[in-house]
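One structure below.
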């Protein structure tokens, strides 16, 4: 009789555990889906997601003539690019194994570039100001989803190309 009671209690505990596991699994999936849906809706509405840059190692600083990426520990010189020298801007993601990192490369005509990413202080203001700094640059909300999804893919997207470069390429091709 004691064995039957033990088996019944054990089976009951397994059923309760399975129900709790299923409920938690459903809740986590639902909650994650809601977070993704909110992120996409915010992006389409032109709102940037809230960021915690407390662990940032670099800061983006922009002015009327260009943009600098400065290491917060000041051990290295800032990387700087002038707006007039930006030939192309390309958004992409880096796969950091568990997460993706949204990046943007400001590329000069000679191929050298300054790379910025969403973990840097000043990212939000930087991406919002790009269309004003680089006339013809796509707005963040028009390229974010193309770069962000699907996850763990590079999803490289050109968001700006200087018109003079296009005119030269067309003339050379003709």
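The values are calculated or read from the model by the stated rules, or taken from the named source; none is laboratory data. Keep in mind it's a predicted model, so treat the numbers as computed, not measured. Note that we place each Cβ from the backbone using ideal geometry, even for glycine, and neighbour counts take in every protein chain shown.
Based on this model, can you work out whether residue 152 counts as within 12 Å of the chain's Cα centre (by Cα) and part of a loop (DSSP other than H, G, I, E, B)?
So residue 152 fits the description; yes.
Quick one: which of 151, 167, 125, 145 is modelled with pLDDT under 95 and more than 23 Å from residue 45 (Cβ to Cβ)? Walk me through it before giving the result.
Details: 151 fails: more than 23 Å from residue 45 (Cβ to Cβ); 125 fails: more than 23 Å from residue 45 (Cβ to Cβ); 145 fails: more than 23 Å from residue 45 (Cβ to Cβ).
It is 167.
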Can you spot a residue in the stretch 87-104 that is modelled with pLDDT of 90 or more, in contact with a helix residue (DSSP H, G or I) (Cβ under 9 Å, 6 or more places away or on another chain), within 25 Å of residue 47 (Cβ to Cβ) and assigned to a loop (DSSP other than H, G, I, E, B)?
-> no
If you go through 113, 45, the only one that is free of Cβ contacts under 8 Å to residues at least 40 places away in the same chain and either touching a strand residue (DSSP E or B) at 6+ places or on another chain (Cβ under 7 Å) or surrounded by fewer than 18 Cβ atoms within 10 Å (Cβ to Cβ) (or both) is 113
Looking only at the stretch 80-106, and only at residues there that are crowded, with 16+ Cβ neighbours inside 10 Å and farther than 17 Å from residue 148 by Cβ, the one that is nearest to the chain's Cα centre (by Cα) = 106
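Give the residue that is farthest from residue 55 (Cα to Cα), with candidates limited to residues of the stretch 121-144 that are in contact with a helix residue (DSSP H, G or I) (Cβ under 7 Å, 6 or more places away or on another chain) and not in a loop (DSSP other than H, G, I, E, B).
133
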Out of the residues in the stretch 60-76 that are more than 13 Å from residue 126 (Cβ to Cβ) and out of contact with any helix residue (DSSP H, G or I) (no Cβ under 9 Å at 6 or more places or on another chain), state the one that is surrounded by the most Cβ atoms within 10 Å (Cβ to Cβ).
-> 71
Does residue 77 count as at pLDDT below 95 and over 18 Å from the mean Cα position of the chain (by Cα)?
-> yes
Within the stretch 56-78, the residues that are without any contact (Cβ under 8 Å) to a residue 24 or more places away in the chain, assigned to a loop (DSSP other than H, G, I, E, B) and farther than 16 Å from residue 106 by Cβ are 73, 74, 75, 76, 77
